[in-house]
Ligand code: GLC
């Protein structure tokens, strides 16, 4: 059952693609109270209640016990006590071990989710602006709730198949030559690779849609040479447009009134990488069309994918903020700074960035209304991705494109993927990124992954190796690091052979991973799920935070501690452990339901396959197109018969996905022998083991 409740004057966020009629009954899972402006939803929590959801946030899969704030923030430090990251995913599931319901707060402004933080037995959820739509979903199962929700918010964005390959990225790749060297180092060593990201260094003065003609003298040639090597370049595009006369994007934006404005209608100015910048008003369809078309210039050079950044939007400072800070500094200059004055000085300087007052000082034209930014803050990044998606689609409507964003909200999953932001080279962040996966999937974001190896700080080779062992399973598999940190490309490390071997596992598993991704994208399923979703009546599964289900057939349990040579794993049923060293080198160990210690050397990673299921394994490749989806080995612990639905398509056109569906081939094991049912697929079922 799905019910909708409205409060205040909800704005048309377009998060829902289905018209849910307003509920006429008074049944509400929360006690609702309104103050002058805000609306608060309160619910008592039973001792053992769990709360799932909220997408991209710190802490657990079970969100209970902390306070979260939906307010998209350029947050470079993902500590446990952070309330906001780059995204606002206001969908939660409350589960008491028996019954569950899902709830979506369709509110584009600030929301506070106090989930047993102020008082351990109470969830208090506040909409600061009080204009929102609340949708409550009741279904028989946890996965059923997610599926129903996903029907309401529309299908997930689908990237091209090459985007499932390994991508190398770093803030600092500043020239054509450097890109060529990176690719050569990978190819010479046979380290699989499908893409290289270009960070802000490729631009001129951080101006969107420009590229430095000195360091990239012939971008078209570079793209075409890279394509020969089966590599795609993926440039970054930021939200802020440099304020500079003569810069086409700036001039056009000003002439046409495409930028966000102050109350008096003059364009708002905030600073980001290029210094003083303007911010396109992505809520206006005309602005989206204009901005989206700007991507075409780079596409004309041969670019097929982009990442959108700084689109919370991040603000280093505003005109007003810097004037005020200067005045305050002048006042403090001659003072002997004691405790309070010193901390005040620090606050003045630090407080210039992403300042609340600045977000309250500019306006949008939103669905025919002039709306102050803070009311729709959390939609801004998603609508930038929408502009890109619409622009890329209009370039070639037949072809899929790669686009992933930093900021997002529920609804933006229809227009692009997301990466998990600026993590740090810490062991704890492997676990944090693992926990985000099921939560992001619930909210519709399937194409996602973390900066492998960690963005800030210096990685260590064992950390990168273990992080890659998680990245093997995430649709977006990208190694990315910050400027001035230790070099993080695989070939920089003594353990490069082990890292390469782990990448071969990714490419070997591609038929399975792609297939599961597509099935979930098309049916509203989650590729990653908490164990409790699949085993709701197994109390041991309810609170497991470091293992997640992958696809219908598998469970993953990565190692995330330094110097560990294995880990404890709980198997909710009999499973086949596949201990991979590489695509070719793995062993199969049938294991019984229960708790186990699994030995895992640094170069070994586990995958667990449910007993009675089979998954396909290819022979891998050095790039996605090399992977043969028809010559497969089946892995599984099968008593007698088993089947797997392998979905495949050309991976590049939008049509097969949108109209005809995908090609489905059933891989079967009959009496322990692998056979393929379908068009011309050959399977050597050699690896099927019979109990
Ligand atoms: C932001 C992004 C990061 C990027 C950097 C420079 O911090 O999150 O990925 O490398 O900006 O563009």
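The values are calculated or read from the model by the stated rules, or taken from the named source; none is laboratory data. The structure displayed is predicted, hence computed values, not measured ones. Glycine also receives a Cβ, built like all others from the backbone with ideal geometry; neighbour counts cover every protein chain displayed.
Do the conditions hold for residue 566, that is, is it modelled with pLDDT of 95 or more and within 23 Å of residue 619 (Cα to Cα)? Don't jump to the end; show me each part of the working.
Details: modelled with pLDDT of 95 or more: yes; within 23 Å of residue 619 (Cα to Cα): no.
No; evaluated as a whole, the condition is false for this residue.
Is there a residue being assigned to a helix (DSSP H, G or I) and farther than 24 Å from residue 625 by Cα anywhere in segment 491-498?
In the first step, residues of segment 491-498 are kept if they are assigned to a helix (DSSP H, G or I); the result is 491-492, 496-498.
Still in the list and also farther than 24 Å from residue 625 by Cα: 492.
Yes, segment 491-498 has at least one match.
Having 3 or more residues that are touching a helix residue (DSSP H, G or I) at 6+ places or on another chain (Cβ under 7 Å) and buried (at least 22 other Cβ atoms within 10 Å of the Cβ) is the bar; report the strands (runs of 3 or more DSSP E) wholly within segment 265-363 that clear it. So that I can check it myself, show each step before the final result.
On the way: elements: 270-272, 275-278, 305-309.
Hits in segment 265-363: 305-309.
Considering segment 567-585 alone, what residues qualify as being touching a strand residue (DSSP E or B) at 6+ places or on another chain (Cβ under 7 Å) and free of Cβ contacts under 8 Å to residues at least 60 places away in the same chain?
Answer for segment 567-585, where residues must be touching a strand residue (DSSP E or B) at 6+ places or on another chain (Cβ under 7 Å) and free of Cβ contacts under 8 Å to residues at least 60 places away in the same chain: 567, 568, 569, 570, 571, 573, 577, 578, 579.
Tell me, please, whether a residue that is within 15 Å of the ligand (Cβ to nearest atom), farther than 27 Å from residue 511 by Cα and assigned to a helix (DSSP H, G or I) can be found in segment 182-199.
Taking every residue of segment 182-199 in turn, none turns out to be within 15 Å of the ligand (Cβ to nearest atom), farther than 27 Å from residue 511 by Cα and assigned to a helix (DSSP H, G or I).
One residue is enough: does segment 523-540 have a residue meeting the conditions out of contact with any strand residue (DSSP E or B) (no Cβ under 9 Å at 6 or more places or on another chain), assigned to a loop (DSSP other than H, G, I, E, B), within 22 Å of residue 194 (Cβ to Cβ) and touching a residue at least 40 places away in the same chain (Cβ under 8 Å)?
Within segment 523-540, not a single residue is out of contact with any strand residue (DSSP E or B) (no Cβ under 9 Å at 6 or more places or on another chain), assigned to a loop (DSSP other than H, G, I, E, B), within 22 Å of residue 194 (Cβ to Cβ) and touching a residue at least 40 places away in the same chain (Cβ under 8 Å).
How do the strands (runs of 3 or more DSSP E) wholly within segment 366-437 filter down when requiring 2 or more residues that are within 16 Å of the ligand (Cβ to nearest atom): which remain? Don't jump to the end; show me each part of the working.
On the way: elements: 369-372, 402-405, 417-419.
Fully inside segment 366-437 and qualifying: 402-405, 417-419.
If we scan segment 612-634, do we find a residue that is under 29 Å from the mean Cα position of the chain (by Cα), modelled with pLDDT of 90 or more and over 30 Å from residue 401 (Cβ atoms)?
Yes, segment 612-634 contains at least one residue that is under 29 Å from the mean Cα position of the chain (by Cα), modelled with pLDDT of 90 or more and over 30 Å from residue 401 (Cβ atoms).
What number of residues within segment 160-172 are in a loop (DSSP other than H, G, I, E, B), surrounded by 21 or more Cβ atoms within 10 Å (Cβ to Cβ) and within 16 Å of the ligand (Cβ to nearest atom)?
Counting residues in segment 160-172 that are in a loop (DSSP other than H, G, I, E, B), surrounded by 21 or more Cβ atoms within 10 Å (Cβ to Cβ) and within 16 Å of the ligand (Cβ to nearest atom) gives 2.
Kindly provide the set of residues from segment 439-454 that are in contact with a helix residue (DSSP H, G or I) (Cβ under 8 Å, 6 or more places away or on another chain) and within 16 Å of the ligand (Cβ to nearest atom), ordered by number. Step through it out loud before you land on a result.
Initially, segment 439-454 is screened for residues in contact with a helix residue (DSSP H, G or I) (Cβ under 8 Å, 6 or more places away or on another chain), giving 441-450, 452-454.
Residues satisfying the conditions are 448, 449, 450, 452, 453, 454.
If you scan segment 59-78, which residues turn out to be at pLDDT 95 or above, part of a loop (DSSP other than H, G, I, E, B) and either surrounded by fewer than 18 Cβ atoms within 10 Å (Cβ to Cβ) or away from the ligand (no atom under 16 Å from the Cβ) (or both)?
Result: 59, 60, 61, 62, 63, 64, 65, 71.
Would you mind finding the one in 553, 625 that is touching a helix residue (DSSP H, G or I) at 6+ places or on another chain (Cβ under 9 Å) and surrounded by fewer than 17 Cβ atoms within 10 Å (Cβ to Cβ)?
Details: 553 fails: surrounded by fewer than 17 Cβ atoms within 10 Å (Cβ to Cβ).
Just one listed residue meets the conditions, 625.
Can you say whether residue 561 is assigned to a helix (DSSP H, G or I), at pLDDT 90 or above and under 27 Å from the mean Cα position of the chain (by Cα), as far as the supplied structure shows?
On the way: assigned to a helix (DSSP H, G or I): no; at pLDDT 90 or above: yes; under 27 Å from the mean Cα position of the chain (by Cα): yes.
Spelling it out, it is not the case that residue 561 is assigned to a helix (DSSP H, G or I), at pLDDT 90 or above and under 27 Å from the mean Cα position of the chain (by Cα).
Say we look at segment 216-242 and pick out the residues that are over 23 Å from the mean Cα position of the chain (by Cα) and within 16 Å of the ligand (Cβ to nearest atom); which of these is surrounded by the most Cβ atoms within 10 Å (Cβ to Cβ)?
241
Could we say that residue 482 is surrounded by fewer than 23 Cβ atoms within 10 Å (Cβ to Cβ) and touching a strand residue (DSSP E or B) at 6+ places or on another chain (Cβ under 8 Å) here? Walk me through how you get there before you give the answer.
Numbers: surrounded by fewer than 23 Cβ atoms within 10 Å (Cβ to Cβ): yes; touching a strand residue (DSSP E or B) at 6+ places or on another chain (Cβ under 8 Å): yes.
Against the criterion (surrounded by fewer than 23 Cβ atoms within 10 Å (Cβ to Cβ) and touching a strand residue (DSSP E or B) at 6+ places or on another chain (Cβ under 8 Å)), residue 482 qualifies.
Every residue in segment 474-492 that is more than 15 Å from the ligand (Cβ to nearest atom) and within 13 Å of the chain's Cα centre (by Cα), please.
Across segment 474-492, the qualifying residues are 474, 475, 477.
In segment 142-152, which residues are touching a helix residue (DSSP H, G or I) at 6+ places or on another chain (Cβ under 8 Å) and surrounded by fewer than 24 Cβ atoms within 10 Å (Cβ to Cβ)? Spell out how you get there, then give the answer.
Going through segment 142-152, the residues touching a helix residue (DSSP H, G or I) at 6+ places or on another chain (Cβ under 8 Å) turn out to be 142-143, 146-147, 149.
Residues satisfying the conditions are 142, 143, 147.
Looking at (1) more than 13 Å from residue 6 (Cα to Cα); (2) in a loop (DSSP other than H, G, I, E, B), find the lone condition where residue 24 falls short.
(1)
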